[in-house]
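Report on one structure; see the data block that follows.
The values are calculated or read from the model by the stated rules, or taken from the named source; none is laboratory data. Values in this document were obtained by computation on a predicted structure and should not be read as measured data. Cβ coordinates were reconstructed from backbone atoms using ideal geometry, including for glycine residues, and neighbour counts include every protein chain displayed.
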Amino acid sequence: MQFINVNDVQTRLSEWINTPLYIHLELTTGAYASHHDKNAHPAANFIRNAIIQYSTGSIQGDGTFRIGLKLEHGWVYAEGLTHYEKNNKEQLILAGINKEGKLVVALQLSKQPF
């Protein structure tokens, strides 16, 4: 993975407007956060292989990025993204990696199930 190139990601988001896609979206503060720090508030979410179709997709930010996908009846939103996989033409793989090198957020889109 490499640091996000906004133009590359925006191009892919624009190419897939109105295309049914599988989504993987997750957020975690660390599965064992409270084991290391009793005051830590662990949080997580996870969705995988739900099918979405968006009419607008955009990336914004500087250093850490956010992506918004406008659906027919709402939005999908991910913030804190820092890296992406550039050479994968069948999937858009994005991740937010913290200063310790750990995954904090992931957003992945694909025409095929994960």
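Numbers below:
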{"quantity": "Y77 being exposed (fewer than 13 other Cβ atoms within 10 Å of the Cβ) and modelled with pLDDT of 95 or more", "calculated": "yes"}
{"quantity": "Those residues of the range 70-114 which are more than 15 Å from the chain's Cα centre (by Cα), at positive phi and either of a type in the set (A, V, I, L, M) or in a strand (DSSP E or B) (or both), in sequence order", "calculated": "G74"}
{"quantity": "Residue count for the range 29-47, restricted to those that are surrounded by fewer than 13 Cβ atoms within 10 Å (Cβ to Cβ), of a type outside the set (F, W, Y) and either modelled with pLDDT of 75 or more or in a strand (DSSP E or B) (or both)", "calculated": "4"}
{"quantity": "Some residue of the range 92-102 being closer than 16 Å to D8 by Cα and in contact with an Asp or Glu (Cβ under 6 Å, 6 or more places away or on another chain)", "calculated": "yes"}
{"quantity": "Qualifying residue in the range 2-19 (condition: exposed (fewer than 12 other Cβ atoms within 10 Å of the Cβ), modelled with pLDDT under 95, out of contact with any strand residue (DSSP E or B) (no Cβ under 7 Å at 6 or more places or on another chain) and not aliphatic (A, V, I, L, M))", "calculated": "no"}
{"quantity": "Count - residues of the range 48-63 that are in contact with a strand residue (DSSP E or B) (Cβ under 9 Å, 6 or more places away or on another chain), exposed (fewer than 14 other Cβ atoms within 10 Å of the Cβ) and in a strand (DSSP E or B)", "calculated": "7"}
{"quantity": "Which numbered condition K70 fails, given (1) out of contact with any Leu (no Cβ under 7 Å at 6 or more places or on another chain); (2) over 21 Å from I52 (Cα atoms)", "calculated": "(2)"}
{"quantity": "Residue list for the range 65-92, filter: under 22 Å from A43 (Cβ atoms) and either among the aliphatic types (A, V, I, L, M) or in contact with a helix residue (DSSP H, G or I) (Cβ under 8 Å, 6 or more places away or on another chain) (or both)", "calculated": "F65, I67, L69, V76, A78, L81"}
